[in-house]
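Inspection log for the structure reproduced underneath, given as structure tokens.
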Amino acid sequence: MSTLRRREVVRTLLAERGDLLVVAGLGSTSWDCTAAGDHPLTFPLWGGMGLAAMTGLGLALAQPARRVLVVTGDGEMLMGLGSLATIGVQRPANLAVVVIDNERYGETGMQETHTAHGVDLAAMALAAGFASSVLVRDAAAVDGLRQSVHRAPGPLFAQVKVAADKESVVLPPREGALLKNRFREALLGASAHLQ
Amino acid sequence: MPDAGHKRLIELCQADARMRTVVMSTEEEGVGLATGAWLGGAKTVLLMQSSGVGNIVNALGMVRECRIPLLLLVTMRGEYGEFNPWQVPMGQATPEVLRAMGVIVQAADSAGEVAAHVDAAARIAFGGYAAAAVLVSQRVIGIKSFQEQSAR
């Protein structure tokens with residue numbers, strides 16, 4: 001069992017984020033990203049389970065000059081495994097998918113996910129065609145991962161094993177249209193509302 | 001997502017330098033892709049067979065809540081003269097399933113209607129930040145039979 005704390009991992013990943021664009025998978029990773037600082041260029045999902053990586057792919061293809069980071073959970077990623085293959089075929093150099101893997105469904109009673117039974121998401125991403133894929137178990141590697149998110153040629157995948165602790169719930173705004181509009185305005189300017 | 005009814009359209013899209021085609025492993029992925037692309041300022045259109053509509057139901061809730069423009073071009077199976085009984089349940093339910101999730105549905109029953117319906121659906125989707133689907137009938141794309149399938 002990993003001793004990494006999910007809040008510290010996500011806070012490190014989002015430190016000095018610069019112009020990074022972030023998609024947060026629903027549930028705990030969304031609260032983690034919000035705890036690190038609510039930001040207009042973070043799009044926290046409140047639904048659409050299984051679609052975080054594909055939302056990141058759409059953003060990465062639309063904005064090839066920007067780096068895009070998807071932060072999601074193991075249960076959310078398991079629901080969209082096919083998207084690993086789709087990303088592997090598209091090979092966007094500016095996309096990173098980081099799975100915060102507590103081996104649990106955190107919002108529904110901490111039931112074990114398949115990763116608790118040996119399913120290796122990092123190996124799956126590599127087999128699907130990601131440019132690189134790493135399994136992270138220690139804090140020193142998390143800072144290296146943060147630098148890779150900003151600089152390494154993608155698509156990059158990381159599976160970060162974290163402790164199965166329940167953290168406080170830190171909520172971003174809920175309304176989908178608001179989250180979309182503030183993201184587009186921050187990225188595209190006020191003229192985005194005239195598109 | 002490929003369908004025989006989309007074959008020529010897919011080829012045209014792949015040949016068009018102004019478009020990027022993304023093949024997916026399931027239709028649901030396309031709703032995520034469309035959401036991310038719109039966040040980044042790009043427009044998308046999703047091509048799928050009517051069976052794929054069953055795969056995107058929960059995802060449609062996301063585009064509705066976020067008011068993401070979503071244009072769906074759906075070629076029908078199980079709708080008119082279908083030879084495969086396994087296609088019939090989803091084909092018959094397709095318009096109701098889409099409407100239940102708030103998608104604006106425009107059915108094209110003849111080839112002459114398709115272009116105008118696609119134009120209208122694109123206007124209402126991108127003009128109104130809505131989800132809109134054009135259902136292209138089997139009367140337009142032809143009715144498959146086992147004999148035709150095995151001759152291919």
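Odds and ends about this structure:
- Segment A:1-146, dipole about Cα centre (Lys/Arg Cβ +1, Asp/Glu Cβ -1), debye to the nearest 20: 320
- Linear extension gain, A:Glu185 paired with A:Val170, 0.36 nm per residue minus alpha-carbon span: 3.0 nm
- Calculated on the Cα set of chain B, radius of gyration then Dmax: 15.0, 46 Å.
- Shape metrics for segment A:8-85, restricted to C-alpha atoms - Rg then Dmax, Å: 11.8, 32
- Both radii come from the Cα set of chain A: Rg as radius of gyration, Rh as Kirkwood radius; their ratio Rg/Rh reads 0.94.
- In whole percents, the pair-distance distribution calculated for segment A:1-41 from its alpha-carbon pairs, binned every 5 Å from zero, is 6, 22, 35, 23, 10, 3, 1.
- If you take the alpha carbon atoms of the protein assembly as shown and fit the smallest convex hull around them, that volume is 143 Å³ per residue.
- GNM top mover of B:Ala59, B:Ala120, B:Ala17 - chain B, alpha-carbon springs below 10 Å: B:Ala17
- In a reduced charge model with +1 at each Lys and Arg Cβ and -1 at each Asp and Glu Cβ, chain B shows a dipole moment near 260 debye about its Cα centre.
- The alpha carbons of segment B:52-121 give a radius of gyration and a Dmax of 13.0, 39 Å, in that order.
- Farthest toward the positive end of the dipole of segment B:1-129, out of B:Leu98, B:Pro2, B:Val23, is the Cα of B:Val23, where the dipole comes from beta carbon charges about the Cα centre.
- Put a plus charge on the Cβ of each Lys and Arg, a minus charge on the Cβ of each Asp and Glu, and nothing anywhere else: the dipole of the protein assembly as shown about its Cα centre is then about 700 debye.
- With a 10 Å cut-off around each Cβ of A:173-182, the average count of Cβ atoms from other chains is 4.
- Listed residue (B:Leu39, A:Ala177, B:Trp86) projecting farthest to the positive dipole end of the protein assembly as shown, Cβ model: B:Leu39
- Rounded to the nearest 500, the helix-only mean residue ellipticity at 222 nm of chain B stands at -14500 deg cm²/dmol, with each DSSP H run of n ≥ 4 adding -39,500 (n - 2.57).
- Only beta bridges with both residues in segment A:13-123 are counted; by DSSP, about 15 percent of them are antiparallel.
- Ellipticity at 222 nm from helices only: DSSP H runs of n ≥ 4 in chain A, each -39500 (n - 2.57), divided by the residue count, give -11000 deg cm²/dmol.
Read the figures in this text as sums done on the coordinates, not as results from a lab. This one's a predicted model, so the numbers in the text were calculated from it and none came from an experiment. Cβ coordinates were reconstructed from backbone atoms using ideal geometry, including for glycine residues, and neighbour counts include every protein chain displayed.
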